[in-house]
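The values are calculated or read from the model by the stated rules, or taken from the named source; none is laboratory data. In this text the structure is predicted, and so the values were computed from the model without any measurement. Please note: Cβ atoms are built from the backbone with ideal geometry, for glycine as well, and neighbour counts cover all protein chains shown. Just the protein is used for accessible areas: all its heavy atoms, side chains included, with ligands, DNA and RNA removed. Shrake-Rupley method; radii C 1.70, N 1.55, O 1.52, S 1.80 Å.
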Amino acid sequence: MIDPPSLVDQYCHGVLRTELGLGTFEAQLARTGGPPAPGTTLFDTQTGFAVRRWCPPLLGLEPHCPPARYLARRRELGVAETGRRLLRASGITTYLVDTGLPGDLTGTAELARAGAAEAHEIVRLEQLAEQVADTSGTVESFLANLAESVHGAAAHAVAFTSVAGLRQGPALAPQPPGPGEVRGAAARWLAARRAGDELRDPVLLRHLLWTAVASGRPLQLHVGPGASGTRPGATDPALLGGFLRATAGLGTDLVLLHGYPDHRYAARLAGIHPHVYVDSGASLARTGAGAATVLAEVLELAPFGKILFSSGARGLPELHVVGARLFREALARVLGGWVAEGAWALDDARRVAGMIASGNASRVYGLE
Amino acid sequence: MIDPPSLVDQYCHGVLRTELGLGTFEAQLARTGGPPAPGTTLFDTQTGFAVRRWCPPLLGLEPHCPPARYLARRRELGVAETGRRLLRASGITTYLVDTGLPGDLTGTAELARAGAAEAHEIVRLEQLAEQVADTSGTVESFLANLAESVHGAAAHAVAFTSVAGLRQGPALAPQPPGPGEVRGAAARWLAARRAGDELRDPVLLRHLLWTAVASGRPLQLHVGPGASGTRPGATDPALLGGFLRATAGLGTDLVLLHGYPDHRYAARLAGIHPHVYVDSGASLARTGAGAATVLAEVLELAPFGKILFSSGARGLPELHVVGARLFREALARVLGGWVAEGAWALDDARRVAGMIASGNASRVYGLE
Amino acid sequence: MIDPPSLVDQYCHGVLRTELGLGTFEAQLARTGGPPAPGTTLFDTQTGFAVRRWCPPLLGLEPHCPPARYLARRRELGVAETGRRLLRASGITTYLVDTGLPGDLTGTAELARAGAAEAHEIVRLEQLAEQVADTSGTVESFLANLAESVHGAAAHAVAFTSVAGLRQGPALAPQPPGPGEVRGAAARWLAARRAGDELRDPVLLRHLLWTAVASGRPLQLHVGPGASGTRPGATDPALLGGFLRATAGLGTDLVLLHGYPDHRYAARLAGIHPHVYVDSGASLARTGAGAATVLAEVLELAPFGKILFSSGARGLPELHVVGARLFREALARVLGGWVAEGAWALDDARRVAGMIASGNASRVYGLE
């Protein structure tokens, strides 16, 4: 009844090119700080159960079959054929791909080919700065090359993204740092760093965020709890609030990613600030059978023109499938339920479904 | 099955006296920091959909009709007749009205006449202080007039309310500021302010809160995220916790308003502190088809004798209607569901519905 | 369809040995900062309604009978017989009992006899330190006796628990305090304290937490809002995050208790840190008819092997019953619903139900 014809996945990563065993596959099912606790497995998670529900039938097996059987079939088909079958069954017609992760992951063009879909690059600001640092000899050349790189990326990338920005509170100060402050920070960072070191300096992260804002390209901010589960700037009033107010009216859209479990809070921000948008998808793949609850909560306060779908998938094409299927099913259930009880008109529900599935993303990212 | 006969709206505002076009009407559907983002409309929100569901039939149109058609019918009837029809269909029999907002809004008596209901005034502390400042020549006369104004307001108003109090963390210190501190803050504020300036000084806000507490009238505190979406004192342990403990046993009730998305947290505070109550209504008009979920969450931890209904409506009589209808429907669904599954007895459910709809407010505010 | 045969209650207290009147019984239904507000009763809470639903039939009365009638029947049977009937109908086969509360509560062995079940002791670190302080003459003997007491408790207790630890932010610093720091804090605390004083010194609490971690016994941390409803360290990134990272890989499991209303956040931490587990039960007795919602939220992000049941009951055997019944019912409804809609396989649902009900606790606490 409510089933959008196509999906724009506004935030995902490529898939691993290597064959996976049970253990290496399992390790991709969650972002954890180590191996599963003794006596537990990451297959016993909502993501694991969702993969076992949706993916075996796409490879010719029965739903919920045991992980070992699924992995055997996966190896039988080969990683490339498995990826093609899964991605093409996801219903995603456009992927926006954050290519700034380490590991042997498919890039934008390769993902597009495997999925028989469009794909566009999202540039990760921290990684771009690290690459520029690796190839710049002096502070002056680093800063000049950085400005040029962001400018150049804005010409071909569909968006910027920053993960560390919100995890370093001071990076969110409501104005760009001064030139002297930036030079000083760059000098200290370049002197201390070794190739491969991650950028965590708050002054340079702040400089990066404001450089990206100046480019006019949409900027995706990761607002959810960090890798250690700590609460980030998203919930610190003095930080995110000030940054959102300071960037209003500059013509650059901000997209809040990964807000769970503070997604209602992120949705509210999208309702308050005209230039702020909210992701509704990435947490669905994590919450599995609970996805409809989470989606309904995002739909409480975010204006419907401000909500975007993503799979948030990384490493496994199974995660693209699961993100897309859970989203479609949750959308149909939540919106269909509201239609059934008379709260929404069916035409409105279909229109809103199309907006969240692809329309809003097409407008915000300038896709045709 | 569960339908309370009357509602006391414990927190709302008046309605606009001017005729509204599509754009001016839309602007009242949400509190945003600017015009809707390009390509979006505030009609595409839960509030917009709820207005289109409940209000057109009250003006002789079909539910969910297009906004333009609804606005045309509204102008045809005129703003006064529209207001009467809508307010009288809301089921609200008593309005408690915060009159401290700017704009051409109906006052207490006018809202009562339009709605054929009772109405009582809630005095907004910040506005009262600003008015006193506008007419006081010296620090001494300002402080004396302020004390007299709060005292006078306590004699005729049904409650006090403070919006800025919780958004200025230091205002929540667990004891009143000393006389010298207050005089110094008043002198600085009066010297710097121009007519119309808002009160944001934390010492004066703290002085106001404690003066209001001393009056014995219930004090409504706005605990939700502020206009920019930033998290307020409600979630800062060192602040709100200390204030609630410090005001226990003084004989003055505190009512927490606008807690969403931290309404579970506000509900919990109402369960812990005997003098603390929690609003269950204002967020329902904002969350529309999701209202039953939010109401059920407030009902998790708040004692049923501590929960109060409000519409939180402002500017449009449509918002009073929507607040009341969504509340009634959510109440019937949530409590009715618990009765159906045997968790609650029907008699209890009806009794609790009456308490939340009007009984608790009548007791707390001393309505007959 | 989904009904685990036995429950391990991983966190509860004993029950009162004295006969209770209406008022003394009511006072046990919630943790409040004073008597109920005028015109309200703690029977009008989710816990009160849940007690009236589940307990009267176990004493031969109809469900939802008036409190006075229930209390009369309770006195007729006597407190001992009432306790036996209720506890034996709870379905709990093993109790883990925090014995560190004041009041005339049954101990571990007595609870086991009354409930015809197993019972094991959980040692509360703060109380242990206070007892050692009461009987130690010097700083040196206090610290030596404390070390010996923790070591001794680890030999017979099934776990340690700390309530104050997380409510004193600095206690969560990511490394143990140095010996000089501990001696200084102990000297100051011992000099100032009078017998019966509670331990609140952050350095000593930190010393206690790290001493407990070194023992290898699971350590239960109370992460929910404190007695005054203030938000604790659980949501402060600099504190809990650092402690969890610092204790990873040491071989000691941490169990997060009482996370509501931040239970999704606690569940997420259990998903990130291999040595962190999350309680799913204690808040169910508080949220009553809303228990299925809360349980489903815990199940969103916590791996199923990391979730443990508890009643959190204290003082009244009614609370053990209610905790257990609400858990079973919520589990059957949530998991059964997911099976019915095809999201989960029935075998998986039964397996996960058994893990949460008893299997995970048996593994973590080393029960047979």
statement: Within segment A:137-167, the count of residues that are in contact with a Pro (Cβ under 6 Å, 6 or more places away or on another chain) and among the aliphatic types (A, V, I, L, M) comes to 2
task: Return a yes/no flag: does segment A:15-33 have any residue that is more than 24 Å from the chain's Cα centre (by Cα), without any contact (Cβ under 8 Å) to a residue 12 or more places away in the chain and on the phi > 0 side of the Ramachandran plot.
output: no
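Determine whether B:ARG245 is under 25 Å from B:ALA155 (Cβ atoms), at pLDDT below 95 and not in a loop (DSSP other than H, G, I, E, B). Give the steps one after another, and end with the answer.
On the way: under 25 Å from B:ALA155 (Cβ atoms): no; at pLDDT below 95: yes; not in a loop (DSSP other than H, G, I, E, B): yes.
So B:ARG245 does not fit the description; no.
Residues C:LEU199, C:LEU219, C:LEU172: which one is at pLDDT 95 or above and open to solvent by less than 20 Å² (accessible area, probe 1.4 Å)? Don't jump to the end; show me each part of the working.
On the way: C:LEU199 fails: at pLDDT 95 or above; C:LEU172 fails: at pLDDT 95 or above.
Exactly one of C:LEU199, C:LEU219, C:LEU172 is at pLDDT 95 or above and open to solvent by less than 20 Å² (accessible area, probe 1.4 Å), namely C:LEU219.
The rows are residues; the columns are (1) in a helix (DSSP H, G or I); (2) free of Cβ contacts under 8 Å to residues at least 60 places away in the same chain; (3) within 18 Å of B:GLY312 (Cβ to Cβ).
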position	(1), (2), (3)
B:GLU76	yes, yes, no
B:GLY83	yes, no, yes
B:LEU86	yes, no, yes
B:SER90	no, no, yes
B:THR93	no, no, yes
B:GLY100	no, no, yes
B:ALA119	no, yes, yes
B:VAL123	no, yes, yes
B:ALA133	yes, no, no
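Within segment A:282-297, can you find the residues that are within 10 Å of chain B (Cβ to nearest Cβ) and open to solvent by less than 10 Å² (accessible area, probe 1.4 Å)? Step through it out loud before you land on a result.
Taking segment A:282-297 first, the residues within 10 Å of chain B (Cβ to nearest Cβ) are A:293, A:296-297.
Hit for segment A:282-297 is A:GLU297, nothing else.
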field: Residues of segment A:26-56 that turn out to be more than 9 Å from chain C (Cβ to nearest Cβ), in a helix (DSSP H, G or I) and closer than 17 Å to A:ALA313 by Cβ, as a count
entry: 5
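B:ALA357 - would you say it is in a helix (DSSP H, G or I), closer than 26 Å to B:GLY14 by Cα and more than 11 Å from chain C (Cβ to nearest Cβ)?
On the way: in a helix (DSSP H, G or I): yes; closer than 26 Å to B:GLY14 by Cα: yes; more than 11 Å from chain C (Cβ to nearest Cβ): yes.
When the stated conditions are applied, B:ALA357 passes them.
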message: Checking A:PRO67 against (1) at pLDDT 95 or above; (2) in contact with a Ser or Thr (Cβ under 7 Å, 6 or more places away or on another chain), only one condition comes out false. Which one?
response: (2)
Selection from segment C:299-322 of residues that are within 10 Å of chain A (Cβ to nearest Cβ) and assigned to a helix (DSSP H, G or I): C:LEU299, C:GLU300, C:LEU301, C:PHE304, C:GLY305, C:LYS306
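Look at C:GLU19 and say whether it is open to solvent by 50 Å² or more (accessible area, probe 1.4 Å) and either more than 14 Å from chain B (Cβ to nearest Cβ) or not in a loop (DSSP other than H, G, I, E, B) (or both). I'd like the intermediate steps shown before the answer.
On the way: open to solvent by 50 Å² or more (accessible area, probe 1.4 Å): yes; either more than 14 Å from chain B (Cβ to nearest Cβ) or not in a loop (DSSP other than H, G, I, E, B) (or both): yes.
Yes; evaluated as a whole, the condition is true for this residue.
When only residues in segment B:177-198 that are of a type in the set (A, V, I, L, M) and more than 16 Å from B:LEU209 (Cα to Cα) count, which is nearest to the chain's Cα centre (by Cα)? Let's see the steps before the verdict.
Applying the first criterion (of a type in the set (A, V, I, L, M)) to segment B:177-198 yields B:182, B:185-187, B:190-192, B:195.
Going one step further and asking which of them are more than 16 Å from B:LEU209 (Cα to Cα), we end up with B:187, B:190-192, B:195.
Working: B:ALA187: 31, B:LEU190: 29, B:ALA191: 32, B:ALA192: 30, B:ALA195: 26 Å.
Per the criteria, the residue is B:ALA195.
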query: Looking at segment B:41-55, is at least one residue buried (at least 17 other Cβ atoms within 10 Å of the Cβ) and acidic (Asp, Glu)?
result: yes
message: If the requirement is being assigned to a helix (DSSP H, G or I), under 26 Å from A:ARG333 (Cβ atoms), open to solvent by 30 Å² or more (accessible area, probe 1.4 Å) and more than 11 Å from chain A (Cβ to nearest Cβ), which of these qualifies: C:ARG351, C:ARG333, C:ARG325?
response: C:ARG333
query: What do you reckon, is B:TYR365 in contact with a His (Cβ under 8 Å, 6 or more places away or on another chain) and either over 30 Å from A:LEU331 (Cβ atoms) or more than 8 Å from chain C (Cβ to nearest Cβ) (or both)?
result: yes
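Quick check on segment B:59-70. Is at least one of its residues facing chain A (nearest Cβ under 8 Å), part of a loop (DSSP other than H, G, I, E, B), of a type in the set (A, V, I, L, M) and open to solvent by less than 50 Å² (accessible area, probe 1.4 Å)? Reasoning before the result, please.
We begin by selecting, within segment B:59-70, every residue facing chain A (nearest Cβ under 8 Å); these are B:63-64.
Checking which are part of a loop (DSSP other than H, G, I, E, B) leaves us with B:63-64.
From what's left, of a type in the set (A, V, I, L, M): none.
No; the residues of segment B:59-70 include none that is facing chain A (nearest Cβ under 8 Å), part of a loop (DSSP other than H, G, I, E, B), of a type in the set (A, V, I, L, M) and open to solvent by less than 50 Å² (accessible area, probe 1.4 Å).
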query: Which one of these does B:ALA270 not meet: (1) open to solvent by 10 Å² or more (accessible area, probe 1.4 Å); (2) at pLDDT 80 or above; (3) more than 8 Å from every other protein chain (Cβ to nearest Cβ)?
result: (1)
- request: Considering every residue within segment A:103-114, establish whether at least one is over 17 Å from A:VAL321 (Cα atoms) and either within 14 Å of chain C (Cβ to nearest Cβ) or at pLDDT below 95 (or both).
  value: yes
message: Taking the conditions exactly as written (surrounded by 13 or more Cβ atoms within 10 Å (Cβ to Cβ), of a type in the set (Ser, Thr, Tyr) and over 30 Å from B:ALA154 (Cα atoms)), does B:THR82 satisfy them or not?
response: yes
message: Given the criteria touching a residue at least 24 places away in the same chain (Cβ under 8 Å), open to solvent by 10 Å² or more (accessible area, probe 1.4 Å) and in contact with a His (Cβ under 6 Å, 6 or more places away or on another chain), does A:HIS258 qualify?
response: yes
